[in-house]
1. Quick check: from the Cα gyration tensor, does segment 73-137 come out rounded (a/c under 1.5), prolate or oblate?
2. In what sequence do LEU399, LEU391 fall when counting other Cβ within 10 Å, fewest first?
3. Does a label point 7 Å from the Cα of GLU195, set along Cα-to-beta-carbon, have any residues of segment 145-177 with amide nitrogen under 20 Å, and which are they?
4. When the chain is fully extended, how far beyond the present Cα-Cα distance does LEU399 get from ASP206, taking 0.36 nm per residue of separation?
5. For the chain, what is the convex hull (Cα atoms) projected area averaged across all directions, in square nanometres?
6. Take the alpha carbon atoms of segment 75-139, find their center, do the same for segment 356-388, and report the distance between the two centers in whole angstrom.
7. So what are the three principal axis dimensions of segment 222-287 from its Cα atoms, in whole Å, longest to shortest?
8. Find the lysine pairs in the chain meeting two conditions, Cα atoms under 20 Å apart and a separation of 8 or more places or different chains, and report how many there are.
Amino acid sequence: MSDTSSPTPKTTASPPTAEAGGQAMWGGRFAAKPADLMQAINVSIGFDRRLAPQDLAGSRAHARMLRNTAVITSEDEAAIQAGLDKVEAEIAAGTFPFREEFEDIHMNVEARLRELIGPAAGRLHTARSRNDQVALDFRLWVRDACDRTIEQLSGLMSALVEKAEPNADSIMPGFTHLQPAQPVTFGHHLMAYVEMFSRDASRFADARRRMNESPLGAAALAGSPFPIDRHATASELGFEGPMRNSLDAVSARDFALEVLAAGSICAINLSRLAEEIVIWMTPQFGFIRLTDAFTTGSSIMPQKKNPDAAELVRAKAGRLLGAFTQLAVVMKGLPLTYSKDMQEDKVPVFEAFDALSLSLAAMVGMVGDLQPNLDRMAAAAGAGFSTATDLADWLVRELGLPFREAHHITGAAVRRAEELGCDLPDLPLGELQKLEARITQGVFAVLTPAASVASRKSFGGAAPDQVRAQIKRWKEILR
Ligand code: ARG
């Protein structure tokens, strides 16, 4: 009775079709016990026990539906529900016997149910197979994981917005190629990550919408001869409806691949912020400080304060990508419908979400913890001729030069400043006029980092008012 849904007699008086006991689940066909090695490679209870809450929810909905469609009696259903309550209580109390001889969570629950309520337990698996059961449990678990991740991403976005708000005016260098490019603000920089993480959240929301259909009732692969109501179980379990093809229902795992893809992209985005924290923490940059809460010391070098949490978030991206690859390789080339290979779908997904959840939590902690060193940031923002583009733009705006020509003159000005060992704003007017006679004193007003930032008023630009407008928008969305 493990993976087919065979019609069973209706009354509790008739003998159970299977005994409680490992191989008794399909004992009719088998004379001997499996080899120890068979059990060792087959067993999944060590990891799929995490599906217990989903397995119980699915069984409850299934039993209720079997009674409502008169496939089982209300006495049997009541006994089954009471037994499932006991199982749940045992699991919560830590007294539930998870046993390897029952292979997986589905057979462990059923075996325990039989011990608790007797033969009625054998009716629960009517019109159901472990194939649609595991597809259901796993889908429910992944759906919850999406919800949790979206929740955590909102928390991270809120932490970033909160840190960005008082720093909408805090000048820092913006980089390309990790070379000083143009001044921006720390608030603007942090808000870039809010945009990134919002896309991550929407990827999870999309995946959740797509996966939210119930495989339950597909039974082994072909559906059931019983008058089951798949719409009822689907709606009880919060699905949009039942999956429309029983073969697809038991064999699809693209929903899991999709969230692992979303998770990988999210972990990659996290790793980029983590890397920036690592860079900003170096004494060479000195842009931020993390407190002792999110740093560690060295066992030999007393001066050290290391951003280990950020480094580990950076590294966890490897786990997510590894998990995606792992499941993709398991699924690649599998014919329809269920193959036991698919039992290997769970570990990568569990591990991936454990890593992602920890990374998100650690990142929320670090973002809240980090303190910017505004003087260091401002000083760095002025270095490296970061307002050269502003000079070129001034030449275009005030003197009507073509941008290419302005770019050339500005390049020469930068070279001259470099020769004289000064920054652009400190270049004597006479030097600038040697390159373009019409340059006036007025140019110096645009050469400070603050003026540069204030001028970037285009929508989505670095000007503090633009940044504040985005902060306001996100605060409303995240409230
Ligand atoms: N433990 C199995 C899994 O995770 C449950 C489904 C078993 N189905 C079967 N036909 N053997 O995939």
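We did not get these values from a lab; they are worked out from the coordinates using the rules stated. As the structure is a computational prediction, the values presented were derived from the model and not from experiment. Note that we place each Cβ from the backbone using ideal geometry, even for glycine, and neighbour counts take in every protein chain shown.
1. oblate
2. The order, fewest Cβ neighbours first, is LEU399, LEU391.
3. It comes to 153-177, nothing else.
4. Once the chain is fully extended between LEU399 and ASP206, it gains 64.4 nm.
5. On the way: hull surface 121.4 nm².
Projected over every direction and averaged, the Cα hull of the chain covers 30.4 nm².
6. Here the two parts' Cα centres lie 51 Å apart.
7. For segment 222-287, the Cα spread along each principal axis is 72, 22, 11 Å.
8. Within the chain, the lysine pair count is 7.
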